[in-house]
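The values are calculated or read from the model by the stated rules, or taken from the named source; none is laboratory data. Not measured: the values here are computed from a predicted model. Methodologically, a virtual Cβ is constructed for each residue, glycine included, from the backbone with ideal geometry; neighbour enumeration extends over all protein chains shown.
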Amino acid sequence: MTWLCALFSVLFGSTGQLYLKLGSGRLFDLHTLVGIAFYGISFLLWLKVLAAWPLSRAYPLLAANFVLVAAFSALFLHEPFSLGSLVGTALCTLGVFFIGLFR
């Protein structure tokens, strides 16, 4: 159950970023409000994760946000995804893998 909370916290946080970008500059825009809602749900799920896991185990999962936001930005906002972005997201993923491997 905690893994699902962690997974959905990361997904909702990344989705929230996408909506906040779409509504940026307009506080009461529907996109902004949806982004805030996604962030709020992400926060509540993350609290459940922190209650169940040590912080040193949970926190590296947040690196997945970097990967998802980069992918979502390229797919949905048509922002450039450069070689540097690819290398950076690969390094984030590799880092999380190694943290989990050597726990």
Residue 98 - would you say it is surrounded by 15 or more Cβ atoms within 10 Å (Cβ to Cβ) and either at pLDDT 90 or above or hydrophobic (A, V, I, L, M, F, W, C) (or both)? no
Could you say whether any residue in the stretch 18-33 is surrounded by 15 or more Cβ atoms within 10 Å (Cβ to Cβ), more than 16 Å from residue 61 (Cβ to Cβ) and under 11 Å from the mean Cα position of the chain (by Cα)? yes
Restricting attention to the stretch 47-95, report how many residues are under 25 Å from residue 1 (Cα atoms), of a type in the set (S, T, N, Q), in contact with a Lys or Arg (Cβ under 9 Å, 6 or more places away or on another chain) and surrounded by 11 or more Cβ atoms within 10 Å (Cβ to Cβ). 0
